[in-house]
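Comments concern the structure below.
The values are calculated or read from the model by the stated rules, or taken from the named source; none is laboratory data. If you're wondering where the values come from, they're calculated on a predicted model, not measured in any experiment. With ideal geometry, Cβ positions are generated from the backbone for all residues, glycine too; neighbour counts draw on all protein chains shown.
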Amino acid sequence: MTDELVRAVIAVPIAVLLPLAKRRPPGRLVRVAVAAALVLAALAPYLDDWRAWVCVAVAALAAAIPSAPSLDRPIVPLALAVAAAAIAAVTIDAEEAWDAIESVGNSSDVVVVTGGALVAVFLAGAFIGRLLHPFAELVRGGEDTTGMESAGRYIGWLERALLYGLVVLGSPDAAALVVAAKSIARFPSFSEERFAEYYLIGTLLSLLIAAAVGFGVRAAIGLDALP
């Protein structure tokens, strides 16, 4: 895929789902501004193309729709993120986006790639959640940690799915965008030492597992482990 298409498909869903990274989602104007700024930064080399601006508008519009994304019912923002990413892909290059999907679907390696995705996203998430549950209780000082752990679960799914996909596609360097977006959203909480430690342990574990599974899948389907 072209660099422009990869950037758009990565940046748009992150921009839409960024409010889920906060226990108290920001107001609509803030969500729109953050979404637009993130996609603008990702597509900065291509802003002379009208299609890049369409992607910015789509991300901003999708971020504005859910007035209060729920950590317990994230289906609306998740569906909006998928739809916005699809619109962005079609806008940038519909033929190439479809060819990429078709080539994956027709490949005999699709079972390996799909299985790796399930391991990297959900099985790894269950492992990390169980491992970090005691830390989450310490962070909140015995208070109810359900909201924080739910937020971390959804963010972790997205984080590992994106990193795994990027590694399998041979563009692990683009993962910096994923980490940067998550860190920006969590930055106000870093003043709490316990939360910073909890965040670092969870994030590093998440990235390590997703990358390891991605490299393993590349090797299993006959690609160079390190692209």
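Tell me, which residue of the stretch 170-211 that is within 20 Å of Ile10 (Cβ to Cβ) and modelled with pLDDT of 80 or more is surrounded by the fewest Cβ atoms within 10 Å (Cβ to Cβ)? Explain how you work it out, then say what you get.
Filtering the stretch 170-211 down to residues within 20 Å of Ile10 (Cβ to Cβ) leaves 170-186, 203, 206-211.
In the following step, the residues that additionally are modelled with pLDDT of 80 or more were identified as 203, 206-211.
Values: Thr203: 19, Ser206: 24, Leu207: 16, Leu208: 12, Ile209: 22, Ala210: 29, Ala211: 18.
Here the answer is Leu208.
Kindly indicate the residue of the stretch 212-227 that is of a type in the set (A, V, I, L, M, F, W, C) and either touching a strand residue (DSSP E or B) at 6+ places or on another chain (Cβ under 6 Å) or at pLDDT 75 or above (or both) and also farthest from Gly115 (Cα to Cα) among those meeting that condition.
The first filter runs over the stretch 212-227 and keeps only residues of a type in the set (A, V, I, L, M, F, W, C), leaving 212-213, 215, 217, 219-221, 223, 225-226.
From what's left, either touching a strand residue (DSSP E or B) at 6+ places or on another chain (Cβ under 6 Å) or at pLDDT 75 or above (or both): 212-213, 215, 217, 219-221, 223.
Values: Ala212: 14, Val213: 10, Phe215: 13, Val217: 9, Ala219: 14, Ala220: 12, Ile221: 12, Leu223: 17 Å.
Looking at the filtered set, the residue picked out is Leu223.
Scan the stretch 48-101 residue by residue and report those that are at pLDDT 80 or above and of a type in the set (Lys, Arg).
Arg51 - this is the single residue of the stretch 48-101 that is at pLDDT 80 or above and of a type in the set (Lys, Arg).
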